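These notes concern the structure reproduced below.
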Amino acid sequence: MQKNLFAFCLLSLSFITNNIYADQITGCQRQQIVQIVQAKEKIKERIQVLLTELPQYDLNYVYENFILPKNRPWEEGSIQNYSYTQYLQSIYTTFSSIDADLDKGIHWKCEPTYQSQCQQGEVIAYVLFIGNRPLKTIHLCSGYFNTPVDRQVETGIHELSHYSAATDDLALSWLEPGKFIDLKGAANDAFHLERFSSGDIVHTLRTQVWFWNWLK
Ligand SMILES: [Zn+2]
C-alpha cells in the first residue's frame with residue numbers, strides 16, 4: 001500500500017523535474033516529497049547561476065570594481081590575491097560537485113523530530129560523516145518542512161556542500177573582524193557557502209570576502 005502510494009507520488013510529480021527518478025526519497029510523506037522536489041528544482045537553478053557567474057569575479061574584476069573605486073591597498077602577486085584565486089576555484093569546484101550530484105540523484109531521508117540528531121527540532125537537516133567521508137544521505141527533520149522554500153534552498157545548499165564536497169561547519173569562525181580572513185576556511189565552511197543560496201552574488205563576495213581580504 002505504502003509502496004503504491006510512493007510510486008504514485010513519483011509519477012504525479014515527474015512533470016516538475018526531469019531527474020527526480022534519479023533521486024531516492026525514503027520515509028517521507030506525500031507533501032514532504034512535493035517540497036523536496038520543489039526545493040531541489042530551485043537549488044539546481046541557483047547552482048546554474050553560480051556556475052555561470054562566479055568565474056567572472058576574478059582578480060581583474062575585484063581590482064576594477066572594488067579595489068580601485070574604494071581606493072584600497074593592492075599589491076600584485078600578494079598572498080591575499082593568491083588565496084582569493086584559490087578560494088574562487090575551490091567554491092566553484094564545490095558547486096560543480098553539487099551540480100553533478102543533483103543530476104546523479106540524491107538520497108533524501110525524512111526523519112521524525114524525536115530522532116536524536118534532530119535535537120528536538122533544533123536541527124532541521126544533517127549529513128552524517130565517517131571520519132572525513134560524508135555518507136550519501138541528506139536527512140531532513142520534520143522542522144525542515146515548516147520553513148519557507150528560500151530557507152529550504154539555503155539549507156539544501158548547506159547540506160549538499162557537506163554531501164558533495166565534505167565541507168565543515170565552521171560557523172564563520174574564519175572571519176574575525178579586524179584581521180585578514182582565512183579564505184581556506186571560508187571555502188570549506190557550509191555556513192559560508194549557504195550565503196550564496198539567494199540574492200546578489202557580488203554582494204555576498206563583497207561583504208563576506210573582499211572587504212576582509214583587502215582590508216584598508
Ligand atoms: Zn552543517
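No lab work stands behind these numbers, since they all come straight from the coordinates. Quick caveat: nothing in here was measured; it's all calculated off a predicted structure. Here Cβ is always computed from backbone atoms with ideal geometry, including for glycine, and neighbour counts include all displayed protein chains.
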Whichever lysines have a C-alpha closer than 26 Å to that of residue 179, once near sequence neighbours (fewer than 8 apart) are set aside: 70, 216
Three principal axis lengths of segment 53-135 [C-alpha, angstrom, descending]: 54, 29, 25
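When the chain is fully extended, how far beyond the present Cα-Cα distance does residue 119 get from residue 51, taking 0.36 nm per residue of separation?
Contour length minus the Cα-Cα distance gives 21.1 nm.
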For segment 129-216, the spread of Cα positions along each principal axis, largest first, Å: 45, 32, 17
Estimated [θ] at 222 nm from DSSP helical runs (n ≥ 4, -39500 (n - 2.57)) normalised by residues in the chain, nearest 500: -14000 deg cm²/dmol
Debye intensity ratio I(q)/I(0), log10, the chain, q values 0.10, 0.14, 0.15, 0.17 Å⁻¹ (C-alpha model): -0.49, -0.86, -0.96, -1.15
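Using +1 on the beta carbon of Lys and Arg, -1 on that of Asp and Glu, and nothing else charged, what's the dipole of segment 25-156 about the Cα centre, debye to 20? Present the calculation step by step, with values, prior to reporting the outcome.
Numbers: 12 positive and 14 negative charges, 104 e Å.
Charge dipole of segment 25-156: 500 debye, to the nearest 20.
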Label point distance in nm, residue 168-residue 180, each placed 7 Å from Cα along Cα→Cβ: 2.0
Charged-residue dipole, Cβ positions (Lys, Arg, Asp, Glu), segment 98-216 about Cα centre, Debye nearest 20: 200
For segment 155-186 and segment 56-123, distance of Cα centres in Å: 8
For residue 125, residues with placed amide H under 5 Å, excluding near neighbours: 141
